[in-house]
Amino acid sequence: MRGKGRAIGFAAGALLCAAISASLAGDAEPANTGLGQLRDVVVTIAVVDKGRTIDRRAAARTLSERRVPTDFVPPDALSSVEQALGRRTGLALPPGSYVTASSLAASPEPGAARRAAPRGTTPVEITVTGAGALAASPPPGQGKVDVVVSGEPGPGPGAGRTYIAARSVRLLGLTKAPAETGLPGDRFTATLALTRPDALTLIRAEGIARSIRLLAA
């Protein structure tokens, strides 16, 4: 019941912010309203079911762009409807919800990742952190990333070292990983098109690294 109440509270907050932004739409000087800087966000105007792939027709019926005070906006909120196209909802979104990167996943399609991998590479899944900004970018498969590994502090050569383990590799998919007790909450599963040497390097690093992050190449 506590989780349900929290979801209702977030939905109510989003609706309130949407109403505020609508009232400010004609204000030429939003800074004078006392609400601070405004930011573009995407909110739902109708229920979006869990597992729904958002195409242009669905987006026109269920999503809308608003401007709301930055202080009320989740850090991974989408800023345009275009960013949601081709993505699949990981949970049901009631009307008035912010559409965030963590609520969406790349639309699954059997064999899609393998078909998208360039010749000489194979799709490999690794766990990464801090990928919210990339998840809110254009759909995976269109960009390349550098994979940055940070080692655990301690004695021995390479301990605590941060280095680029793979350069300019294609990002095929990026989904929010389920929350697990004792692990960071900003974990994502990234599907990368890797050569065999890069795949072996990252698989070894995943088992001993403190964190693995992606940087847009």
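The values are calculated or read from the model by the stated rules, or taken from the named source; none is laboratory data. Keep in mind the model is a prediction, meaning the values are calculated, not measured. No Cβ is skipped: glycine too gets one built from the backbone with ideal geometry, and neighbour counts run over all protein chains shown.
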**Asked** Condition test on Gly130, is it modelled with pLDDT of 60 or more, touching an Asp or Glu at 6+ places or on another chain (Cβ under 6 Å) and surrounded by 14 or more Cβ atoms within 10 Å (Cβ to Cβ)?
**Response** yes
**Request:** Please list, ordered by first then second residue, the pairs with beta carbon atoms under 6 Å, 6 or more apart or interchain, first in the range 59-78 and within 11 Å of Thr44 (Cβ to Cβ), second assigned to a helix (DSSP H, G or I) and among the β-branched types (Val, Ile, Thr).
**Result:** Ala59/Val81; Leu63/Val81
**Message:** When the residues of the range 52-70 are narrowed to those that are more than 19 Å from the chain's Cα centre (by Cα) and not in a strand (DSSP E or B), which ends up surrounded by the fewest Cβ atoms within 10 Å (Cβ to Cβ)?
**Reply:** Arg57
**Message:** Return the residues of the range 27-48 that are at pLDDT below 90 and either surrounded by fewer than 12 Cβ atoms within 10 Å (Cβ to Cβ) or assigned to a loop (DSSP other than H, G, I, E, B) (or both); say none if nothing qualifies.
**Reply:** Asp27, Ala28, Glu29, Ala31, Asn32, Gly34, Leu35, Gly36, Gln37
**Message:** Can you say whether Ala165 is within 20 Å of Thr121 (Cβ to Cβ), at pLDDT 80 or above and in a helix (DSSP H, G or I), as far as the supplied structure shows?
**Reply:** no
**Request:** Scan the range 168-182 and give yes if some residue there is more than 24 Å from Thr100 (Cα to Cα) and either of a type in the set (Lys, Arg) or at pLDDT 70 or above (or both), otherwise no.
**Result:** yes
